[in-house]
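Engineer: Please read through the structure below; I'll follow up with questions.
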Amino acid sequence: MKALKNIKKYEYRGLPLSSWLYRIAKSELYQAFRDQKTMRTVNIETVHLTDMVQEIEEDQNTESRDKLFKVLKNLNEKDLQIIELRYFEKRSYREIGEILELTENNAKVKSFRALEKLKKYFIDKQ
């Protein structure tokens, strides 16, 4: 409803309409979480876990997946969101930047740093 009410405010900036809609949805979702003070859950599919494990250069086995589930809980909200957008939703850095209101380069830097934190937690769990 919010998107429909504000469709006149949408400006094409070289990114798909879905990025604009995603940003509105994200804002509404966060507001709902603040209102309900609900814990956030992350939907992780096995297919995407394999990509993450390869990115971290670990074996694709059950132990690694279980370890990955545990270390994802150590990331803060912003880092987890960037990891979700980049690796689970397969978004480009440009889209991530638009969604999170960052520059494309800043999205790359934050993604790299979040991945480095994840690698550190992953290695420390061994």
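Derivation of every value follows stated rules applied to the coordinates shown; laboratory data play no part. Computed from a predicted model, the values in this text were never measured in an experiment. All Cβ positions, glycine included, derive from the backbone under ideal geometry; neighbour counts span all protein chains shown.
Engineer: Enumerate by residue number the chymotrypsin sites (Phe, Trp or Tyr not before Pro) in the stretch 84-117 meeting two conditions: DSSP loop (anything except H, G, I, E, B), and at most 15 other Cβ atoms within 10 Å of the site's Cβ.
Structural biologist: Numbers: sites: 87, 88, 93, 112; in loops: none.
In loop regions of the stretch 84-117 (DSSP not H, G, I, E or B), there are no sparsely surrounded chymotrypsin sites (Phe, Trp or Tyr not before Pro).
Engineer: Ok, one more. Note down the nm distance, to one decimal, between modelled labels 7 Å out along Cα→Cβ at residue 34 and at residue 15.
Structural biologist: With each label point 7 Å from Cα toward Cβ, the separation is 2.0 nm.
Engineer: Spelling out what I want: for every residue of the stretch 88-100, take phi, set θ = phi - 60°, compute 6.51 cos²θ - 1.76 cosθ + 1.60 (Karplus), and round to whole Hz; glycine and proline get x.
Structural biologist: Each residue's phi maps through the Karplus curve to give 8, 9, 6, 7, 6, 5, 5, 5, 4, x, 5, 5, 8 Hz.
Engineer: Taking a threshold of 24 Å on the Cα-Cα distance, which of the pairs 5/110; 70/117; 78/108 fall above it? Please report the intermediate quantities before stating the final value.
Structural biologist: Values: 5/110 32 Å; 70/117 13 Å; 78/108 13 Å.
Violating the 24 Å limit, Cα to Cα: 5/110.
Engineer: While we're on this one: Mind checking the full-extension length gain between residue 66 and residue 78? Use 0.36 nm per residue of separation minus the Cα-Cα distance, one decimal, nm. All intermediate terms of the calculation are to be shown ahead of the outcome.
Structural biologist: Details: separation 12, 0.36 × 12 = 4.32 nm, distance 2.20 nm.
Full extension of this stretch gives 2.1 nm more.
Engineer: Quick check: residue separation of residue 27 and residue 124 times 0.36 nm, minus the Cα distance between them. What number comes out in nm?
Structural biologist: On the way: separation 97, 0.36 × 97 = 34.92 nm, distance 3.38 nm.
Once the chain is fully extended between residue 27 and residue 124, it gains 31.5 nm.
Engineer: By counting other Cβ atoms within 10 Å of each Cβ, how are 91, 113 ranked from fewest to most?
Structural biologist: Details: 91 20, 113 12.
Exposure proxy ranking, most exposed first: 113, 91.
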